[in-house]
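Working notes for the structure below.
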Amino acid sequence: MHAERDLPYGVDVQLPSVARMYDHLLDGKDNFAADRTACDSLLKQVPSMKTLALNNRAFLRRVVGVLAREHGIRQFIDHGSGLPTQDNVHQIAQRVDPDARVVYVDTDPIVRSVGGALLETNANTAVLQADMRDTDFIFGSAQVERLIDPDEPVAALFVSVLHCIPDEDRPTELIRRVRARLPKGSVMVICQLVSENAEVRDFVSSFMDQKTQGNWGRVRTRNDVRGYYADNGLTPLDPGLVEVSEWRPATGATAPRQLSFEWEEFGGAGLV
């Protein structure tokens, strides 16, 4: 696990981080006891949590590959990217075209520290420590100005992150702000945790809000996610908005089976 002596300034290892909890679920090493304990507590109430995380990561790999191969996308901005793991966005995109460019955005300083160190030798990638809600700062950053051509199509990724944004911060408005920055031919990839069970939504939202000391939004519904697309004029690519293991599954591949559907990761990709 990550050594405390190597931590960036100001990191509180007693406070769970969404990025580090996700890292633990993906069998990563950059997490701490507080993150693992929070995951264990959640797993008792939502036992499909680990499978959901694995399927979500597989969706990210597939959608980046599809956008690079079939839609010619060579620029990616990954909002709320989390910690590096196997097959990151730049690795997938650069297998299609070594000149593909990726900016990773995350507010967790450990993401900046670990990711920055790993990407030092890759001139076509950068890590930006920023709040995904600060669109002006992100698009005005040196990292985005260096790597992202505003006249060429961009894939703006919001994969399993909008549930971290509370309603008062208007996630739909965030999508609208980013969409307005993207040229025609761009794609927005949006999915988040949803549940049609009000008790599950309330429990997880309350638990995570308390554990992260307010760094959380809420589990929403499928219709909320559909609204992200419809309200912002995004045209979903086939097969539409689905539970993410059903989005363009690889031929012959079998995703880990989610044994229960008390919640799910729901979304897809939409043309600007």
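Couple of notes before you dig in:
- Trypsin sites (Lys or Arg not before Pro) within the stretch 22-82, DSSP loop, no more than 13 other Cβ atoms inside 10 Å: 29
- Restricting the calculation to alpha carbons of the stretch 168-219 gives Rg and Dmax of 14.4, 40 angstrom.
- Evaluated over the stretch 39-95, the Cα radius of gyration and Dmax, each in Å: 13.9, 43
- Longest DSSP-loop-exposure-free segment, chymotrypsin sites (Phe, Trp or Tyr not before Pro), the chain, at most 14 other Cβ within 10 Å: 10-260
- Annotation for residue 206 and residue 91: the two label points, set 7 Å from Cα along the Cα-Cβ direction, are 4.0 nm apart.
- When restricted to Cα atoms, the stretch 50-139 yields an Rg and a Dmax of 12.8, 35 Å, respectively.
- Exposed loop sites here are GluC sites (Glu not before Pro) assigned a DSSP state other than H, G, I, E or B and surrounded by at most 16 other beta carbons within 10 Å; excluding them, the longest clear run of the chain is 1-119.
- Antiparallel content of DSSP bridges confined to the chain, in %, to 5: 40 percent
- Calculated [θ] (222 nm, deg cm²/dmol) that DSSP helices of n ≥ 4 give over the chain, each run adding -39,500 (n - 2.57): -11500 deg cm²/dmol
- Shape call, the stretch 80-225: gyration tensor on alpha carbons, a/c limit 1.5: prolate
- Dimensionless Rg ratio for the stretch 190-231, taking C-alpha atoms and the 2.2 N^0.38 Å reference: 1.22
- Note on residue 231 and residue 69: with the Förster distance fixed at 25 Å, the Cβ-Cβ geometry gives a FRET efficiency of about 0.30.
- Separation between Cα centres of the stretch 69-86 and the stretch 128-171, rounded to whole Å: 12 Å
Where a number appears in this text, it was derived from the coordinates with a stated rule and is not lab data. Just so you know, these numbers come straight off a predicted model, no measurement behind them. Methodologically, a virtual Cβ is constructed for each residue, glycine included, from the backbone with ideal geometry; neighbour enumeration extends over all protein chains shown.
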